[in-house]
Amino acid sequence: MDADYLPFHDNPSKPAFSVPEGAVDAHCHVFGPAETFPYHPKRKYTPCDAPKEQLFALRDHLGFARNVIVQASCHGTDNAALLDALQYAGNLARGVAVVDPDITADELQAMHNTGVRAVRFNFVKRLVDTTPKEIFLGIAEKIRPLGWHIVVYFETQDLEELTPFLIQLNTLIVVDHMGRPDVSKGVGHEDFQRFVTLLEEHENIWTKVSCPERLTLNPPNYDDVVPFARTLVERFPNRVLWGTDWPHPNMNSHIPDDGKLVDVIPKIAPTPDLKKALLIDNPMRLYWQNQTR
Ligand code: 0GY
């Protein structure tokens with residue numbers, strides 16, 4: 001683990017908010033253990049191990065039923081730890097992989113059979129080297145026959161430049177962490193409004209209203225992030241997902257208490273219908289519907 005790396009909370013609180021039965025944590029990771037699943041040689045950070053057993057113990061502690069596990073950059077395109085966790089969880093987890101451009105249809109099908117339903121394209125420069133857009137477009141075509149979608153991670157300043165590419169992908173897209181708005185600028189700022197307009201104009205674009213711990217200016221109080229997430233939940237109730245982001249790689253402001261993150265949910269999804277859409281109906285539709293596994 002990097003010397004300045006903050007490990008995840010070792011004793012998260014029980015949330016005050018009772019998560020509805022069948023809820024999905026739609027953004028989390030597994031890291032290692034390095035002895036079994038080594039980190040990628042080209043990684044930009046080395047985390048502390050966060051193995052599947054601890055992820056699923058947290059799921060139970062917080063009251064969730066299912067997980068969507070996202071391949072993180074520290075494992076590169078080696079999805080072994082992710083696939084191992086999916087295998088272990090059976091029908092209770094789905095995955096988002098990161099793949100090489102030369103991946104074969106058979107390899108993709110094997111991943112599908114293990115529970116992968118999407119690939120992730122990462123544009124965050126501190127996490128990955130730049131990938132040419134043609135490479136991503138090629139991967140988008142390879143996954144199309146499987147009905148997978150694409151999870152994209154970028155920062156607010158990159159949205160304008162990326163928009164034509166996102167449209168060109170012409171498939172269902174999920175944007176991580178609300179496109180990482182600068183919350184000091186407020187909901188009305190043109191940067192966040194550009195993101196709202198993107199979703200308004202493109203019904204194939206969804207977003208995760210996750211990561212208040214990364215976006216807040218006042219940790220561990222997350223109230224400054226609430227108006228951003230609530231705006232998206234209320235405007236696009238059928239296209240939003242929520243996740244813990246456990247084990248919270250690359251945090252430097254504080255170690256988030258996962259129970260307190262769950263307690264943000266009723267603030268961003270104030271009605272029972274909004275909570276059900278966010279936590280159950282949307283992720284179930286996207287990751288579990290019409291699937292044999
Ligand atoms: C997240 C956020 C981060 C890291 C990664 O793939 C990754 O390494 O996604 C980050 O550092 O902002 O979603 O886990």
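The values are calculated or read from the model by the stated rules, or taken from the named source; none is laboratory data. The shown structure was predicted, so the numbers you read here are calculated from the model rather than taken from an experiment. Neighbour counts are summed over all protein chains in view; Cβ atoms, including those assigned to glycine, are modelled from backbone coordinates with ideal geometry. Ligands, DNA and RNA are excluded from the accessible area calculation, which covers all protein heavy atoms including side chains. Shrake-Rupley method; radii C 1.70, N 1.55, O 1.52, S 1.80 Å.
Taking amide H positions as placed in the peptide plane 1.01 Å from N, state which residues far from Ile69 in sequence (5 or more) or on other chains have amide H under 5 Å from it.
The answer is Arg94, Gly95, Val96.
If Met1, Met111 are ordered by their accessible area, calculated over protein heavy atoms with a 1.4 Å probe, which sequence runs from highest to lowest? Walk me through the numbers before you get to the answer.
Numbers: Met1 120, Met111 20 Å².
Final ranking, largest accessible area leading: Met1, Met111.
For the chain, what does the helix formula give at 222 nm: sum of -39500 (n - 2.57) over DSSP H segments with n ≥ 4, over the residue count, nearest 500 deg cm²/dmol?
-9000 deg cm²/dmol
Under 21 Å between alpha carbons: how many lysine pairs meet that in the chain, if sequence neighbours fewer than 8 apart on the same chain are excluded?
22
With a 1.4 Å probe and every protein chain left in place, work out the accessible area per residue of the stretch 91-190 in Å², rounded to a whole number.
I get 43 Å² per residue for the stretch 91-190.
For the stretch 1-115, report the % of Cα-Cα distances exceeding 25 Å.
Tail of P(r) above 25 Å: 25 percent of Cα pairs.
Quick check: convex hull of the Cα atoms in the stretch 60-172, volume per residue, rounded to a whole Å³?
Expressed per residue, the convex hull around the Cα atoms of the stretch 60-172 is 125 Å³.
What number comes out for the charge environment of Thr197, summing +1 per Lys or Arg and -1 per Asp or Glu over other residues with Cβ under 12 Å away?
Result for the local shell: -3.
Percent of accessible area on the stretch 24-287 owned by carbon and sulfur, 1.4 Å probe?
Heavy-atom surface of the stretch 24-287 belonging to carbon and sulfur, 1.4 Å probe: 51 percent.
Could you let me know the centre-to-centre spacing of the stretch 74-150 and the stretch 1-54, using Cα atoms, in angstrom?
19
Can you pull the accessible area of Thr171 for me, 1.4 Å probe, Å² to the nearest 10?
30
Can I get the semi-axes of the chain's equivalent ellipsoid? Compute them from the C-alpha gyration tensor as square roots of 5 times the eigenvalues, in angstrom, largest first.
For the chain, the ellipsoid semi-axes come out as 25, 23, 20 Å.
In whole Hz and in residue order, list the ³J(HN,Hα) couplings for the stretch 172-186 that follow from phi through the Karplus curve 6.51 cos²θ - 1.76 cosθ + 1.60, θ = phi - 60°; x for Gly and Pro.
6, 10, 10, 8, 5, 6, 6, x, 6, x, 7, 5, 5, 7, x
For a Förster distance of 22 Å, can you work out the FRET efficiency between the beta-carbons of Asn252 and Val187, rounded to the nearest 0.05?
0.30
Enter the accessible area of Ser18 (Å², nearest 10), with the probe set to 1.4 Å and all protein chains included.
Here the accessible area works out near 90 Å².
Which order, highest average first, do 101-107, 19-25 follow once you tally other Cβ atoms within 10 Å for each residue and take the mean per peptide? Each step should come with its number before you reach the end.
Values: 101-107: 11.9, 19-25: 20.0.
Top to bottom by mean Cβ count within 10 Å: 19-25, 101-107.
Quick one: of the DSSP bridges fully inside the chain, what percent are antiparallel, nearest 5?
So the antiparallel bridges in the chain amount to around 5 percent.
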